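Just below is one structure, and these are the notes that go with it.
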Amino acid sequence: MSQTKANQDAVLLVYSGGLDTSVCIPLMREEYGYKKVITVTVDVGQEHSDIAQAAEKASFLKTEHYTVDAKEEFVEKYCWPSVKANGDYQGYPMSTSIARPLIAAKAVEVAKRLGVNAFAHGCTGKGNDQYRIEFGIRAQMPEATIHAPVREKNMTRTWEIEYAQKNNVPIQQSLEKIWSIDENLWGRSIEGGRLEEPDFAPPEEIFQWTKSVETSDVAASILKVEFKEGVPVSINNETASPAQLVIKLNTLAGNHGVGRIDIMEDRMMGLKVRENYECPASTVILKAHKALENLVLTRDEIRFKSLVDSEWSKLAYEGLWWDPFKTNLEAFINSSQKRVTGFVSLKLYKGSVTVVGRNSPWALYSEDLASFDTTTFDQRESTGSVKNFGLQARMFAKLLEASQK
Ligand code: ARG
């Protein structure tokens, strides 16, 4: 009883350690009237120093702080389903969007343990994350109260800085930061500063995981990725845990400058934003996965699956991770992936990744049938079907000709 009562005065802040979420700490006390602020930082593979800084700031600001290591869960339960669905939004492997549901789920786990049902997050009213985080929380805890101070108070950066200074919130690191960066093992996204000018070429300093074409390794590397039922299990014949595989591949492919993407992206609200991504591991894995699907799935499965994949990707982008439509799409996806087992070889060189080989026990391919040298396939048997091919188009041409006489 006393614990529940005490925690009615508590709010759980989904905390990154950045400016937006840091100003939320005094705000929750001063303006929202909470006695206790609990901060939760979920480790999905962002830089270690960011996680450490978040913990330090939380301690300085006297919150009850939790760091949750969710790297393995992130890759296994969020990145791997995205691989099976060839998860892509407007030409890049979705990364921020697939981490948000997990961050929300972990925050709710902590909240339930502590008997808290009020939440706060630092998302702005312009972006996608407010939808993803709030749906993620409500999907696990329908009765949750959720505060979004940055949105509710229509905050500007200038206001936040002033408020932080008045309230003793350390912001030196935030002031030094020119770029807005979001990171997890599946990708690193960089926006803000002069990148907001779509015509401004991304400066080399924004990249941290990938070498430039000029400085990348001069010798190409050949990489062999093994898949079991649609997901990677080993690289160059070495098995590792899901997160370790991705970490390793980020380094290998990043050294070859693979996975830099510069695009205009349409946010959920329709706002266009300029985004830069570094996503070496996900770029390689998605390319290899598609190559293997092309070897084992039927032509109609491939055609239909691309529609299913794009519906899945739209839901994932919007953070609708617990939507029944997604479960139903996954019924098809998972069943198709049972045969996506085998090896894909890729060449990494100067920013490019090229598939150079593939094999699978489920290959729908027969060298004997396809070969120029075969007699198994009696070519003469094709004559009849070729003759009738395009029948309707030919009939139409005849009718057209007659009508013009
Ligand atoms: N536009 C991407 C998304 O909505 C990334 C957003 C976060 N990126 C950032 N650099 N703060 O998924």
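Annotations for the structure displayed:
- Residue match in region 310-317 (condition: more than 16 Å from the ligand (Cβ to nearest atom), over 19 Å from Asn128 (Cα atoms) and part of a helix (DSSP H, G or I)): no
- From the list Leu320, Leu348, Leu295, the lone residue that is part of a loop (DSSP other than H, G, I, E, B), of a type in the set (A, V, I, L, M, F, W, C) and either touching a helix residue (DSSP H, G or I) at 6+ places or on another chain (Cβ under 9 Å) or buried (at least 16 other Cβ atoms within 10 Å of the Cβ) (or both) is Leu320.
- Flag for Glu197 being closer than 17 Å to Ser49 by Cα, charged (D, E, K, R), open to solvent by 10 Å² or more (accessible area, probe 1.4 Å) and over 23 Å from the mean Cα position of the chain (by Cα): no
- A single entry from Tyr66, Tyr15 fulfils the requirement of being buried (at least 22 other Cβ atoms within 10 Å of the Cβ) and either closer than 26 Å to Ile247 by Cβ or touching a Lys or Arg at 6+ places or on another chain (Cβ under 9 Å) (or both): Tyr15.
- A Cβ distance below 8 Å, combined with a sequence gap of six or more or placement on separate chains, defines the contacts here; from region 177-193, residues that are open to solvent by 50 Å² or more (accessible area, probe 1.4 Å) and more than 9 Å from the ligand (Cβ to nearest atom) reach no residue that is of a type in the set (Lys, Arg) and not in a strand (DSSP E or B).
- Residue check for Asn276: more than 18 Å from Val340 (Cβ to Cβ), open to solvent by 10 Å² or more (accessible area, probe 1.4 Å) and either at pLDDT 95 or above or not in a loop (DSSP other than H, G, I, E, B) (or both): no
- Residue within region 107-125 that is away from the ligand (no atom under 14 Å from the Cβ), assigned to a helix (DSSP H, G or I), open to solvent by less than 20 Å² (accessible area, probe 1.4 Å) and under 26 Å from Phe332 (Cβ atoms) present: no
- Residues of region 384-405 that turn out to be assigned to a helix (DSSP H, G or I) and either open to solvent by 90 Å² or more (accessible area, probe 1.4 Å) or in contact with a strand residue (DSSP E or B) (Cβ under 8 Å, 6 or more places away or on another chain) (or both), as a count: 9
- Residue match in region 109-127 (condition: within 20 Å of the chain's Cα centre (by Cα), under 14 Å from Leu320 (Cβ atoms) and not acidic (Asp, Glu)): no
- Subset of region 65-97 [under 23 Å from Leu297 (Cβ atoms), in a helix (DSSP H, G or I) and within 13 Å of the ligand (Cβ to nearest atom)]: Ser82
- If you go through region 217-235 and keep only what is over 25 Å from Leu297 (Cβ atoms) and touching a helix residue (DSSP H, G or I) at 6+ places or on another chain (Cβ under 9 Å), you end up with just Ser221.
- Qualifying residue in region 208-230 (condition: within 15 Å of the ligand (Cβ to nearest atom) and crowded, with 19+ Cβ neighbours inside 10 Å): yes
- Which listed residue, of Asn128, Asn154, is surrounded by 19 or more Cβ atoms within 10 Å (Cβ to Cβ) and out of contact with any strand residue (DSSP E or B) (no Cβ under 6 Å at 6 or more places or on another chain): Asn128
The values are calculated or read from the model by the stated rules, or taken from the named source; none is laboratory data. In this text the structure is predicted, and so the values were computed from the model without any measurement. Please note: Cβ atoms are built from the backbone with ideal geometry, for glycine as well, and neighbour counts cover all protein chains shown. What goes into the accessible areas is simple: the full protein's heavy atoms, side chains included, and nothing from ligands, DNA or RNA. Shrake-Rupley method; radii C 1.70, N 1.55, O 1.52, S 1.80 Å.
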